[in-house]
Amino acid sequence: MDPDAGGSSSSPPPPSATSGAGAETKEEERGSQQVVLVLVGPPGSGKSTFAEAVVGGSTAGRPWVRVCQDTIGNGKAGTKIQCLKAASDALKEGKSVLIDRCNLEREQRADFVKLGGTLHTDVHAISLDLPAKVCISRAVSRKGHEGNLQGGKAALVVNRMLQKKETPLLTEGFSRIMCCNDDGDIKKAVDLYNGLGPSDSLPSGVFGQKSKKPVQVGIMKFLKKADTSSVETSSGPKLALTEIKPAQQNPLPKQENVEAGFACPMEVEKGLNDKMENEEHAKEIDYCDVGSRTLAFPSISTADFQFDLDRASDVIVDTAFKFLQKFDNIRLVLVDLSEKSRILSLVKQKAAKKSIDSNRFFTYVGDITQLHTKGGLQCSVIANAANWRLKPGGGGVNAAIYNAAGESLQHATKKCADALRPGTSVVVPLPSTSPLHQREGVTHVIHVLGPNMNPMRPDYLKNDYTRGSKILCEAYNSLFESFASIVQSYMGKQNNESGAEKSASGGTSPNDTKMKREDSHGSERMKKHKLFQPIMTSKQQHECTKVNGPKCHADAMTSSAVPSQTRQVDNKRNDVVTRKTWGSWAQSLYELAMNPEKYKNSDSILETSDEYIVLKDLYPKAKRHILVISRMDGLDSLADVKKEHLPLLRRMHSAGVKWAQKFLEEDAALEFRLGYHSVPSMRQLHLHIVSQDFNSASLKNKKHWNSFTTSFFRDSVDVIEEIEQNGSTTTSSDEKILAMELRCHRCRSAHPNIPKLKSHIAICKSSFPSHLLQKNRLLSSTMHMDRK
DNA sequence: GTTCTAGAAC
DNA sequence: GTTCTAGAAC
């Protein structure tokens, strides 16, 4: 990606620069070589002169039709409807159309952009940004103007119109915007369009814009469903995924009051009444919220890594579809710089087939580093198609993002990770000092590394698309999961704040997040596991025989041990038999629970009762890590727990809380979680009480980490609630959870290995994901103090 | 659960 | 050469 092409060029390249590509795509994108050219300018800005020069001076054979509202009614002023019809007719005849009317406000030009979109035609804007005094001077002094706007009246009209001018944006649906600031610019633009042959196309982007000051734009368009009621000319399947088109947008609330009685001579304006303003204002409250729930991402691996576009689009649509099903209130925007982007068109088609909600997933043509200032899109989180070293450079999106974000992104990235493996991502909170943060409102950059099909780049997959697609799928899943974590964290804060307010006013407790997600792996995964129980492999059978044989460990000393090792657990759903075997090494907790008196002198035992034993974990995975071990024989793990065990579980939980509080008194900086391993390694039901620093030499591998930070770890409060409701718990035995990538339990950033992860968690100060902040899943000193 | 260690990754 | 992971043994 050339970041410059998205916006700052002052002199556009000649049409020949892309004419070859235009011809190449002609057949597959029928009609795309046609153009709807919308002029934007007040009276006196030179629209008519421009239009006549283009329509009458075409040297390259492109057929043009000028649609001029001032003359469309048999030489007299007509209506917008007439203009739309004339434009539509001309486009259907294969001609390009030049819309010669003021079009200063978005609403005025929206239908023309929509028309172009409906007929799959590029829509360009020429913004005639000449100084107001020049326009006024010309308008006042001209004679015989087609719209009969001249003299003193013209000065008044031009002045008022300019006050309400809204600069055209790419998000309105324009693929290309040229701003002409003087007659020289106008001449260049005329020459450009005169030289445009029938099959030529022009590069997308904004050209010649002088003002760097962002135009006030609204996000309301983003919240409102597409208006499909007008221009019903589309045939074929309903387009479910669309680029943002102005037809989807609403007029922006004006900063200045609109004079309701004012009417432009060329077009009757619609004033905004109070009701509309209030509605828009109410939606504006959601403005920040929408931005913080929107992820803008480039296509991964399809540029420099040369991944097949068709396969990539399948992966994008599939992963996005599944992700959006899992989460409410999240939006994904696939961004590409080029209007001719094949990946965008493929994704659009495929998403349409899947009927993905276009308000929640759409494509956008523009520069991912200028979404707000150039496109009016607020996206707090953007993804970067990173390289494995997480370093700047290399061109494309990576270079553009590092350039736009400044050095602070490098520093922030280095704090999070040193490298990425294909198929993973890492979340980097963007410092508020970064220009990208300040200018565009980007708070996080998620670096993603996809599979590589380029022999000149690392980790070349040699066209192995089975592996490549899998890795690309992992990459997008990782990206989306990372994004969800950020949103969760954000929404958790929101909920907590609103909850705190409610509590203060004696109201109800904080609401749960709107998100469907239960934890970092999602509810869907858990549901699947409800229906799947492992059946013993021959190897396990062998192990079982070994354990049960005469030479088995002395731990299996009680007769009850034997049936428990091959216990058959009824599964109410499908009657699949579940068996769990315990190796000799896994029996130590069981032995302790059955014979605590043998260990009464051990320093590790903190407390003993008839029901449970509190033990310091022999290999603590954090500063504080203890176990509350049930003493009930036959209760090996969560899979054995039934309703009748609820009192025991509640007392074990209370014991755990009591000890956590004791530790919090000693060290207020700690936080604790209480929970069970979904499928424990050690026999005998035991509750972990583990501080969330995870600062321990005994935490050595991925399995250790994931067993405490993924859905493998079942919070005690959830276990109790589930048993209260269902009479049993759902336990997952999916080893894939334990083999998943390493993610920070706070900010959910991914890390390549345990040492890097440990370095990160030692400094990560992010708040915990919101679900942990609910239902007392996380015990902290502040809660502890509250309870006193 | 840990320890050991081959070999992959760096 | 060193670091790190993952599988086997216990």
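Quick notes
- Across segment A:165-170, computed HN-Hα scalar couplings (Karplus, 6.51 cos²θ - 1.76 cosθ + 1.60, θ = phi - 60°) run 4, 10, 4, x, 10, 4 Hz from first to last residue, x flagging Gly and Pro.
- Charged neighbours of A:V55, selected by a Cβ distance under 13 Å, balance to +2 (K, R count +1; D, E count -1).
- Dimensionless Rg ratio for segment A:289-492, taking C-alpha atoms and the 2.2 N^0.38 Å reference: 0.93
- Sequence-distant residues sharing a close amide H with A:R66 (under 5 Å, placed H): A:L98
- Segment A:I754-A:K322, extension gain: residue separation times 0.36 nm, minus the distance between their alpha carbons: 152.6 nm
- Extended-chain gain in nm, criterion 0.36 nm per residue less alpha-carbon gap, A:T49 and A:E611: 193.1 nm
- Annotation for A:R439 and A:K775: the two label points, set 7 Å from Cα along the Cα-Cβ direction, are 4.5 nm apart.
- Accessible solvent surface per residue of segment A:718-769, calculated while the other protein chains remain in place, 1.4 angstrom probe, Å²: 39 Å²
- A 1.4 Å probe, protein heavy atoms only, puts the accessible area of A:V448 near 0 Å².
- Spacing of the two label points (7 Å from each Cα toward its C-beta) at A:Q349 and A:D310, in nm: 0.9 nm
- Listed residue pairs exceeding 29 Å between alpha carbons, taken from A:K350/A:K702; A:K350/A:K462; A:K85/A:K164; A:K598/A:K702; A:K340/A:K414: A:K350/A:K702; A:K598/A:K702; A:K340/A:K414
- Here's how it looks for A:D122: its modeled amide H is under 5 Å from those of A:Q34, A:V36, which are all 5 or more places away or on a different chain.
- A 1.4 Å probe run over the protein chains yields, for segment A:35-207, 34 Å² of accessible area per residue, whole-number rounding.
- In this structure, A:K414 and A:K76 have a Cβ-Cβ separation that, at R0 = 60 Å, corresponds to a calculated FRET efficiency of about 0.35.
- The 3J(HN,Hα) values that the Karplus relation (6.51, -1.76, 1.60; θ = phi - 60°) gives for segment A:745-753 are, in residue order, 6, 9, 8, 6, 5, 8, 9, x, 7 Hz. Gly and Pro appear as x.
- Protection-proxy order for peptides A:462-473, A:366-377, each taking the mean of Cβ atoms within 10 Å per residue, highest first: A:366-377, A:462-473
- For A:N595, residues with placed amide H under 5 Å, excluding near neighbours: none
- Between A:V134 and A:K703, the simple spin-label model (points 7 angstrom out along Cα→Cβ) gives 7.4 nm.
- Mean Cα-pair separation over length for segment A:289-492, i.e. relative contact order, pairs under 8 Å, 6 or more apart, %: 25 percent
The values are calculated or read from the model by the stated rules, or taken from the named source; none is laboratory data. Treat the numbers as computed from the prediction; the structure is a model and nothing was measured. Positions of Cβ are generated from backbone atoms using ideal geometry, with glycine treated the same way; all protein chains shown enter the neighbour counts. To get the accessible areas, we keep the full protein, side chains included, count just its heavy atoms, and leave off ligands, DNA and RNA. Shrake-Rupley method; radii C 1.70, N 1.55, O 1.52, S 1.80 Å.
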